[in-house]
Amino acid sequence: MCFFASVLAALRVAPPGAQDPDESRYYDFWPGTWCGLVDDRPNPDGSRFIVTQGVHASAYDEEWQQVIDGRRLISSATRAWDPVERRWMLVWIGAEGHFQIWAGEKADADWYIQRPFEQGGRRFLSRQAWIPTAPDRLVRVMERSFDNGAAWEPRYRTAFGRCEAG
């Protein structure tokens, strides 16, 4: 069991749906293996997200296997509905030693996670969402804002589909 899952298990978070059943069930579709798609087929680079049920019905453990700039990057995350804050939260840990906490923000019908960054002396917000587009299909959207969220610039838009575990 990963560290965060064991912490959540020890805290025994209140049952999901007690305060907001619709929002706490947003990611009910999420468990499974999701492959990056190229021309509607699994990307040969092997990019994928493997999602399993977490310690409660509105918590998910995720293993991310991505290829970025020709390098395979492995990371893990725990995504969970926070009934006190009434939003989705994500803790992400990368194999290169990164540790990030992302806060959920609802935009129209979809949940994004976002957090501030600084790069090259410029501050910006980064946000991303996994938006279902059809049964067993979703799009991962990544955007940046340099004006504290008034306007968002697209960075990436990647299609994913359910695929065989592996």
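The values are calculated or read from the model by the stated rules, or taken from the named source; none is laboratory data. Here the structure is a predicted model, which is why all the values come from computation and not from measurement. Don't worry about glycine lacking a Cβ; one is built from the backbone with ideal geometry, like all the others, and counts go over all protein chains shown. Areas reflect the complete protein model, heavy atoms only, side chains present, ligands, DNA and RNA absent. Shrake-Rupley method; radii C 1.70, N 1.55, O 1.52, S 1.80 Å.
The table that follows gives values for the structure above.
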read-out	value
Yes/no for Gly32 being small (Gly, Ala, Ser), in contact (Cβ under 8 Å) with a residue 40 or more places away in the chain and either surrounded by fewer than 19 Cβ atoms within 10 Å (Cβ to Cβ) or under 12 Å from Ala165 (Cβ atoms) (or both)	yes
Ala129 being at pLDDT 95 or above and surrounded by 14 or more Cβ atoms within 10 Å (Cβ to Cβ)	yes
Considering residues of the range 55-69 that are within 11 Å of the chain's Cα centre (by Cα) and open to solvent by less than 30 Å² (accessible area, probe 1.4 Å) only, the residue modelled with the lowest pLDDT	Trp64
Matching option when the condition is farther than 18 Å from Glu23 by Cβ, open to solvent by less than 90 Å² (accessible area, probe 1.4 Å) and modelled with pLDDT under 95, among Gly161, Gly121	Gly121
Looking only at the range 70-86, and only at residues there that are in contact (Cβ under 8 Å) with a residue 12 or more places away in the chain and among the β-branched types (Val, Ile, Thr), the one that is least open to solvent (accessible area, probe 1.4 Å)	Thr78
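Per-residue answers, yes or no, for (1) in a strand (DSSP E or B); (2) modelled with pLDDT of 95 or more:
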site	(1), (2)
Met89	yes, yes
Gly97	no, no
Trp111	yes, yes
Leu125	yes, yes
Pro154	yes, yes
Arg157	yes, no
Ala165	no, no
